[in-house]
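The values are calculated or read from the model by the stated rules, or taken from the named source; none is laboratory data. Computed from a predicted model, the values in this text were never measured in an experiment. Cβ placement follows ideal geometry from the backbone for every residue including glycine, while neighbour counts extend to all protein chains displayed. Ligands, DNA and RNA are excluded from the accessible area calculation, which covers all protein heavy atoms including side chains. Shrake-Rupley method; radii C 1.70, N 1.55, O 1.52, S 1.80 Å.
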Amino acid sequence: MAEVTWRSVAPGVFVRRHEELKLNCGLVVGQERALVIDTRSYHEHGLELLAAVREITDLEIVVVNTHAHYDHCFGNSAFRDSQIYAHVGLVDDLLRTGEHQREQVVEHLRATDREEMARMMEETELVPPFYLVEEDTVLDLGGRTVELLWSGRGHTDHDLAVAVPDAHVVFAGDLVEEGADPAMEDSYPLEWAATLRTLLARPAAELCDLWVPGHGRVVDRAFVEAQCAQLTQMAERFTEVLDGGLAGVDALVSACRGLGLEDQTLRDASLRALELRP
Ligand SMILES: [Zn+2]
């Protein structure tokens, strides 16, 4: 197993990709504060991340959670001394789904013989962010700013991206995924592409060519545009089938074969599209 280390992608901008889930956490270091992006899956994971941050900087830490999925925010308990930012929708989601997410993950960990992790997950206290973003927010880290951007519904209804304009880097959370299909279980399949297009065009993001997905390798703008095109086609085909009436999961899935998305992804997206249909 490769050693987990920070990788510098621009001056003072670091990415730490973890073996578990290929999850990316980010670190942006200013002159007065350092921003940590996402906190991993449970308390001990968070503590380990915090120790890794402290190898890079002693500055005051500010945290942002990109969304409410456990792997991005259950490690918050290790950062309870910090200001933790998130979109206001994250808190609603976490309160509604947090315990259910925990149960599902614990069950999966036990089923795959990872009892110790299951126990740590069970014992983790959920710590909701309390600096809540309702509109785009600029954070001054001292000598550099970052922008927290909500561009519409996509992977969830509250995905925040973090742009670092001076470094031309965007941390996209799970709005962008590398190495696996975008995860659709809580998504807005008909809106996701438009949200990505909006994000790509934001002033803070439009010149950015380094995009850090929630999972997988750091990608360039062309990769994000390609994922956006794929999601656009999926949405168009879904809309055609839905407008034709009598739509079921199978019809939606088969309409999207050939787009390069796995059947399970299309199935999850179809279920969501039907669930969200007015
Ligand atoms: Zn997610």
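As a summary of the residue check, MET234 satisfies the conditions (1) over 30 Å from VAL13 (Cα atoms); (2) in a helix (DSSP H, G or I); (3) free of Cβ contacts under 8 Å to residues at least 12 places away in the same chain except for the one numbered (3). Checking each residue in the range 78-93 for being of a type in the set (A, V, I, L, M, F, W, C), open to solvent by less than 20 Å² (accessible area, probe 1.4 Å) and assigned to a helix (DSSP H, G or I) picks out ALA78, PHE79, LEU90. Listed by position, the strands (runs of 3 or more DSSP E) inside the range 4-77 whose residues that are crowded, with 21+ Cβ neighbours inside 10 Å number at least 2 are 13-17, 24-29, 33-37, 60-64. Taken over the range 145-180, the criterion of being closer than 18 Å to TYR85 by Cα, open to solvent by 40 Å² or more (accessible area, probe 1.4 Å) and either polar (S, T, N, Q) or touching a Cys at 6+ places or on another chain (Cβ under 8 Å) (or both) is satisfied by THR145 alone. The residue that is farthest from GLN230 (Cα to Cα), counting only those in the range 249-270 that are in contact (Cβ under 8 Å) with a residue 24 or more places away in the chain and touching a helix residue (DSSP H, G or I) at 6+ places or on another chain (Cβ under 8 Å), is VAL249. Is it true that some residue in the range 194-209 is over 19 Å from ASN65 (Cα atoms) and within 16 Å of the ligand (Cβ to nearest atom)? No. Just to be sure I understand the filter: pairs with C-beta atoms under 7 Å, separated by 6 or more residues or on different chains, first member in the range 185-205 and hydroxyl-bearing (Ser, Thr, Tyr), second member part of a helix (DSSP H, G or I). Which pairs pass? Here the result reads SER187/ALA269; SER187/ARG272; TYR188/LEU276, each pair linking the range 185-205 to a residue that is part of a helix (DSSP H, G or I). Looking at the range 221-232, is at least one residue buried (at least 18 other Cβ atoms within 10 Å of the Cβ) and under 25 Å from HIS18 (Cβ atoms)? Yes - at least one qualifying residue is present in the range 221-232.
Can you report the number of residues in the range 126-160 which are more than 14 Å from HIS67 (Cα to Cα) and part of a loop (DSSP other than H, G, I, E, B)?
Taking the range 126-160 first, the residues more than 14 Å from HIS67 (Cα to Cα) are 135-147.
Adding the requirement that they be part of a loop (DSSP other than H, G, I, E, B) leaves 135-136, 141-144.
The number of residues fulfilling the criteria is 6.
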